[in-house]
Amino acid sequence: MILRLQDLHFPEEAARLFPDTPDRALYLEIGFGDGRFWPAFVEGLPDVPNYLGVELSGVSLLKAARRLRAAGLRNAHVAKLPATVMLESVIAPGRLSGIIVNFPDPWPKADHLDQRLLRAPFFRLAASRLKPGGAVLFTTDHQEYFEFACREAEASGVMEVRLEPPPAAALATKYALKWRDLGIEAQHARFVPTAHPAVPLHAVTPYPDQEAQVPHAIMTLPDPFDLSDFERVTVRGEHHTVVLLDAYRSLRRDEYTVLAHVEEGELIQEVLVNVTGRRDGSTLVRLAKFGGPVITAGVKAAVGAVADELQRRGAVLTHHGY
Ligand SMILES: C[S@@+](CC[C@H](N)C(=O)[O-])C[C@H]1O[C@@H](n2cnc3c(N)ncnc32)[C@H](O)[C@@H]1O
């Protein structure tokens with residue numbers, strides 16, 4: 001099944017995600033592409049481990065979800081999410097039996113190396129989320145990335161590198177077949193943690209059920225009030241960047257919606273902040289539920305940035321919860 005960001009708990013519990021099989025081993029596959037690996041890897045196993053897959057491509061997400069369903073794998077979920085967000089915020093320390101990375105994007109240009117997934121910080125994060133006996137299973141066609149990843153794993157100080165033949169299922173993914181047809185052989189390494197460093201969960205709060213927790217402000221706007229000359233506003237915090245991109249006016253009423261872009265590491269959200277009149281004449285500035293935002297420090301800061309912008313335009317802040 002497809003997990004949306006707003007459906008997730010931070011962190012997740014096996015009993016919630018896999019109610020029928022909470023005690024089975026849990027694997028994470030990063031960048032599963034069209035999802036061929038997992039059904040082939042677990043074929044014939046009596047107790048198929050629980051599976052979480054993360055991808056950035058929405059098309060791949062749909063293809064993989066269809067493939068998992070066709071294979072009858074009920075304890076397999078996929079999400080359109082960057083790998084580090086899943087590892088940092090969704091998976092609690094010591095929960096994973098394996099992390100699978102097949103044919104990751106190699107980012108071959110010298111000035112793109114920092115885009116590579118398998119660098120020392122990733123290995124420390126992975127070691128923190130793996131349980132004793134767990135491992136990262138890495139297969140690639142790219143010799144230089146392979147050597148780079150092995151060096152980075154050693155440099156992380158928490159991984160032992162074991163060179164092994166790839167699992168058969170890793171040689172049957174879309175990219176494996178593509179490179180095989182070009183005569184390029186795949187390399188495989190098992191990275192086994194030698195230590196499990198404490199990398200704490202990065203806190204994320206989903207859109208709460210309790211209305212009072214939705215970031216908001218109550219303000220009094222000057223009369224007349226106008227946002228038609230709104231210009232882009234950028235606010236940088238220690239762990240987030242907020243850009244208020246644009247403001248839209250309601251056709252029916254004197255109300256506004258501000259579109260904000262929020263970046264917190266690899267977690268990127270576009271959120272809407274509504275500016276609406278209340279019966280008592282005051283104005284409510286509030287995160288909109290549209291799009292299922294996940295309430296993070298950055299999203300709260302976006303609501304704060306809208307309130308600040310309104311104050312610059314003469315509004316008076318009477319109360320805020322962000
Ligand atoms: C070269 S493809 C390999 C796909 C598949 N594993 C295979 O072997 O056919 C790499 C995939 O990783 C995904 N990807 C890249 N960075 C990612 C990230 N940070 N988190 C999750 N997926 C990512 C890309 O969208 C792409 O589908």
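Considering the options Ala247, Gly133, Phe18, tell which one lies farthest towards the positive end of the dipole of the chain, charges being +1 on Lys and Arg and -1 on Asp and Glu at the Cβ, about the Cα centre.
Most positive-ward Cα: Phe18.
Put a dot 7 Å past each Cα toward the Cβ at Ala40 and Thr276; how far apart are the dots in nm?
Once both label points are built, they end up 5.1 nm from each other.
How big, in percent, is the set of alpha carbon pairs in the chain lying more than 36 Å apart?
31 percent
Work out the FRET efficiency for Ala92 and Glu231 from their Cβ-Cβ distance, taking R0 = 45 Å, and round it to the nearest 0.05.
For Ala92 and Glu231, the calculated efficiency is 0.60.
Please report, in debye to the nearest 20, how large the charge dipole of the stretch 145-241 is about its Cα centre when each Lys and Arg carries +1 at its beta carbon and each Asp and Glu carries -1 there.
Here the size comes out at about 660 debye.
What's the extension gain from Asp7 to Lys131 if we count 0.36 nm per residue and subtract their Cα-Cα distance?
Taking 0.36 nm per residue and subtracting the Cα distance, the gain is 42.1 nm.
With axes computed from alpha carbons, what is the tilt in degrees of helix 120-129 against the longest principal axis of the chain, rounded to the nearest 10 within 0 to 90?
The answer is roughly 90 degrees.
Which whole-number value in Å³ per residue fits the convex hull of the alpha carbons of the stretch 38-178?
So the per-residue Cα hull volume is 127 Å³.
Students sometimes get this wrong: rank Arg249, Arg286 by accessible area, probe 1.4 Å, all chains present, largest first.
Arg249, Arg286
Evaluate the charge dipole of the stretch 13-87 about its Cα centre and quote only its size in Debye, nearest 20, assuming +1 on the Cβ of each Lys and Arg and -1 on the Cβ of each Asp and Glu.
Rounded to the nearest 20 debye, it is 320 debye.
May I ask you to order 297-305, 218-226 by the average number of other C-beta atoms within 10 Å around their residues, highest value first?
297-305, 218-226
Once you order the gyration tensor axes a ≥ b ≥ c over the Cα atoms, which shape class does the stretch 205-321 get: rounded for a/c under 1.5, otherwise prolate or oblate by comparing a/b with b/c?
Here the stretch 205-321 falls in the prolate category.
Taking θ = phi - 60°, what integer Hz values does the Karplus form 6.51 cos²θ - 1.76 cosθ + 1.60 yield along the stretch 263-278, in sequence order, with x for Gly and Pro?
Whole-Hz 3J(HN,Hα) from phi for the stretch 263-278: 10, 9, x, 8, 7, 10, 10, 9, 10, 10, 10, 8, 10, 10, x, 10.
Spin-label point model (7 Å from Cα, Cβ direction): what's the Leu182 to Glu154 distance in nm?
2.8 nm
About the Cα centre, and with charges only on the beta carbon of Lys, Arg (+1) and Asp, Glu (-1), how big is the dipole of the chain? Nearest 20 debye, please.
640 debye
What angle, in degrees between 0 and 90 and rounded to the nearest 10, separates the Cα long axis of helix 297-312 from the longest principal axis of the Cα atoms of the chain?
Approximately 20 degrees, to the nearest 10.
What ranking of Thr234, Thr21 comes out by heavy-atom accessible area, probe 1.4 Å, highest first?
Largest accessible area first, the list is Thr234, Thr21.
Once R0 is set to 22 Å, what does the formula 1/(1 + (r/R0)^6) return for the Cβ-Cβ distance between Arg66 and Phe290, expressed as a FRET efficiency to the nearest 0.05?
With a Förster radius of 22 Å, E is 0.20.
Rounded to the nearest 0.05, what FRET efficiency do Val59 and Arg24 have when you use their Cβ-Cβ distance and R0 = 35 Å?
0.75
Take the residue pairs Lys80/Lys178; Lys63/Lys174; Lys80/Lys174; Lys131/Lys174 and return only those whose Cα atoms are more than 22 Å apart.
With Cα atoms farther than 22 Å apart: Lys80/Lys178; Lys131/Lys174.
Relative to 2.2 N^0.38 Å, what does the C-alpha radius of gyration of the stretch 143-256 come to as a ratio? Two decimals please.
Its radius of gyration relative to the 2.2 N^0.38 Å reference: 1.97.
Taking the Cα-to-Cβ direction at Leu251 and at Glu164 and moving 7 Å from each Cα, how far apart do the two end points lie in nm?
6.1 nm
With an 8 Å Cα cut-off and a minimum separation of 6 or more residues, compute the relative contact order for the stretch 2-193 in percent.
22 percent
Treating the angle as unsigned and between 0 and 90°, give the value, to the nearest 10°, between the Cα long axis of helix 143-156 and the longest Cα principal axis of the chain.
70 degrees
Roughly how many whole Å is it from the C-alpha centroid of the stretch 186-200 to that of the stretch 253-322?
41 Å
Please list, in chain and number order, the residues 5+ apart from Phe32 or on another chain whose amide H is under 5 Å from its amide H, with Hs placed from the backbone.
When sequence neighbours closer than 5 places are left aside, the close amide H contacts are Val54.
The values are calculated or read from the model by the stated rules, or taken from the named source; none is laboratory data. These numbers were taken from a predicted model, which means no experiment stands behind them. All Cβ positions, even for glycine, are placed from backbone atoms using ideal geometry, and neighbour counts span all protein chains on display. Please note that ligands, DNA and RNA were not included when accessible areas were found on the heavy atoms of the full protein model with its side chains. Shrake-Rupley method; radii C 1.70, N 1.55, O 1.52, S 1.80 Å.
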